[in-house]
Amino acid sequence: MKLKPLVLALALSISASAAFAENQSFDIPLTGPTPNGSYTAGFEVQHTVAGAFEDTFTFTPSVSGLIKGSLVTTGALPFTNINFTSGSINGIAFTFSPNGVNEVGFTPIAFAAGPIILKLFGVAGPDLAPGTTIASSYGGTLNISAVPEPETYAMMLAGLGLMGFVARRRKKSESKDKELTFA
């Protein structure tokens, strides 16, 4: 039966290409909080073996807020090139530029609750045979802006209401003064 050798060859080719994947995991400390409660982090990754990869970044401490992520890679030569295939931060997908010498990726500004986990998928040295020694890299940033708590909004609304009350009372008092001067 010719099907059995074909299935075996397919299984070996899949396992051989998977063996060259250079999957990496990182714990990245966030810098902050700033006086306004924001956090930021920068990161870079180097791949030394051509092939598909899955990189995972866990940002600490676990915070929540509005996030914005960005990535960049520049590779003019086959052994420095990286092509991103997909990526997300807590399910918020990256938008990538077309594959080429310079590639960028970014997320829309969106709310994310901690822990913040970034997953990136791509191919390092896409024009080379898997397992070839390469020197490719990419870098990125993550910014997390604090979202005011409900108590902050309540205090702001109470302050606006108080200012409206004072302005209305002042207006009534001014109209009474005008009535007295004309009477």
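So, G51, is that one in contact with a helix residue (DSSP H, G or I) (Cβ under 9 Å, 6 or more places away or on another chain), assigned by TED's automatic domain parsing to the domain that holds G122 and buried (at least 17 other Cβ atoms within 10 Å of the Cβ) or not? Yes: the conditions hold for G51.
Among residues that are crowded, with 20+ Cβ neighbours inside 10 Å and either under 20 Å from the mean Cα position of the chain (by Cα) or under 17 Å from E54 (Cβ atoms) (or both), I92 is not included. So G161 ticks every box in (1) at positive phi; (2) assigned to a helix (DSSP H, G or I) but one. Which box is left unticked? Failing condition for G161: (1). Applying the criterion of being loosely packed, with under 13 Cβ neighbours inside 10 Å and over 26 Å from S62 (Cβ atoms) to the residues of segment 98-122, the residue that is modelled with the highest pLDDT is P98. Taken as a whole, segment 133-146 holds at least one residue that is surrounded by 15 or more Cβ atoms within 10 Å (Cβ to Cβ) and over 24 Å from T58 (Cα atoms).
Restricting attention to segment 15-46 and to residues that are among the aliphatic types (A, V, I, L, M) and at pLDDT 90 or above, the residue that is surrounded by the fewest Cβ atoms within 10 Å (Cβ to Cβ) turns out to be I28.
The condition of being among the β-branched types (V, I, T), without any contact (Cβ under 8 Å) to a residue 40 or more places away in the chain and in contact with a Phe, Trp or Tyr (Cβ under 9 Å, 6 or more places away or on another chain) holds for only one of T95, T141, that being T95.
The values are calculated or read from the model by the stated rules, or taken from the named source; none is laboratory data. Quick caveat, the model's predicted, so the values are computed rather than measured. Please note: Cβ atoms are built from the backbone with ideal geometry, for glycine as well, and neighbour counts cover all protein chains shown.
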